[in-house]
Amino acid sequence: MQLAAELVAVSGYDYQDISEAERKAQLARLPDSVSAAAFHGVIDKTTGKEVAFLVLTVPDPMDAMHAPDQAAAFGRWALGPTAKDRRFGSQAVWFAEAPDQPNSRYQYAWLRHGTVGFVDGPDGAAVDAFLTAFFAVPFLGAEDPVLGQRMVEVPGYSYTNAVDRTDDLDAAFAVFPKGDASEHYVFDRSHSFASILLVGTDQAHTPDELASLAEQWMDELSLSAAPTPTRGADLSAGPITARRLVYGKTGTLFVWQWPDTKVVGIVITPRPDIAEPWLTAYLKAQPAG
């Protein structure tokens, strides 16, 4: 589902599946840390020709490679020491040429919300044109759009989609039975410091009710009852006030609700000192609702 969301519809282009034999050959080249992969030819609808080859992979979502300051190292790892920075709209991309590989001479790589993308092709202008159109399409991720629009970008931070999230989401559905949910890891410039759970609900809750529901969620996650939290100082950002629950030395939880959409947000972090500046900026950057 995560990779399917990356295959946004781009005017003037189609995606073409590769053969099973080619797919197996491509998979054999990937490291074991990759949990999912997709391979597609990019077809120019006007000419019917393949102008690029697109590879999307999902590596470990907790890997430090997803942190903003690790991006340059990722570009050099993916494309070699001569990789150069490029930008398509707001998306950072790395670029390199491989003259000894004429069919793949122009090579590009990027990181977006935990997905690694690679594109190559024989004609640099044609690949550039596709990527310009590709990154111009709004990207809301794999979750429900009501939740996806909440994952606003905050300068200096990045997100990945949590891959193994069954326990967390099952616990969320037990507490918010009519909801949709998604979970993400949050990175500062060097490492992951928090996770954020977004739950779509159809009922408004007071801050105290939200704190109680968050405690229930933590109890659902625990094999035995979670330790009783203490109440910390609320965090206020714009119109939103997030309740703070402190679970001893193991972590801090923030919970809030957007009043119009009724989406509930829960952040868990072992580093509230790092999480607070991000959460404040994140909440202030939100669309109305």
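The values are calculated or read from the model by the stated rules, or taken from the named source; none is laboratory data. Remember, it's a predicted structure, so these values are computed and weren't measured experimentally. All Cβ positions, glycine included, derive from the backbone under ideal geometry; neighbour counts span all protein chains shown. These accessible areas exclude ligands, DNA and RNA; they are computed on the full protein's heavy atoms, side chains included. Shrake-Rupley method; radii C 1.70, N 1.55, O 1.52, S 1.80 Å.
Keeping all protein chains in position, work out how much accessible area Thr132 exposes to a 1.4 Å probe, and write it in Å² to the nearest 10.
80
On full extension of the chain, what length is gained from Val137 through Gln16, given 0.36 nm per residue of separation minus the C-alpha to C-alpha distance?
41.7 nm
What is the extension gain from Asp44 to Ala174, computed as 0.36 nm multiplied by their sequence separation minus the C-alpha to C-alpha distance, in nm to one decimal?
Here the segment from Asp44 to Ala174 would lengthen by 42.1 nm.
At 1.4 Å probe size, with every protein chain present, just tell me what the per residue accessible area of segment 1-113 comes to in Å².
Heavy-atom accessible area per residue stands at 55 Å².
Give me the percent of accessible area attributable to carbon and sulfur for the chain, probe 1.4 angstrom. Numbers along the way, then the final one.
Numbers: 7180 of 14000 Å².
Whole-percent figure for carbon plus sulfur exposure: 51.
I'd like to compare 61-71, 36-46: which one has the highest average count of other Cβ atoms within 10 Å, and what's the full order after that?
With the highest mean Cβ count within 10 Å placed first, the list reads 61-71, 36-46.
Could you compute the net charge surrounding Ala67? Neighbours are other residues with a C-beta less than 13 Å from the C-beta of Ala67; K and R count +1, D and E count -1.
-3
What net charge is computed for the residues neighbouring Gly148, neighbours being all others with C-beta under 14 Å from the C-beta of Gly148, Lys and Arg scored +1, Asp and Glu -1?
Values: positive: Arg112, Arg150; negative: Glu6, Glu143, Asp144, Glu153, Asp180, Glu183.
Result for the local shell: -4.
So what's the net charge close to Ile43: Lys and Arg +1, Asp and Glu -1, counting the other residues with Cβ under 14 Å from its Cβ?
Values: positive: Lys45, Lys49; negative: Asp14, Asp17, Asp44, Glu50, Asp123.
After counting each charged neighbour, the total is -3.
Could you give me the ³J(HN,Hα) list for segment 246-262, computed from phi with Karplus coefficients 6.51, -1.76, 1.60 and θ = phi - 60°, whole Hz, x at Gly and Pro?
The phi angles translate into 10, 9, x, 9, 8, x, 10, 10, 10, 9, 7, 9, 7, x, 7, 7, 6 Hz.
Please compute the modelled spin-label separation between Lys249 and Ala233, points set 7 Å along Cα→Cβ, answer in nm with one decimal.
2.3
If I fit a long axis through the Cα atoms of helix 166-175 and take the longest principal axis of the Cα atoms of the chain, what angle between them do I get, 0 to 90°, rounded to 10?
With rounding to tens, the tilt is 40 degrees.
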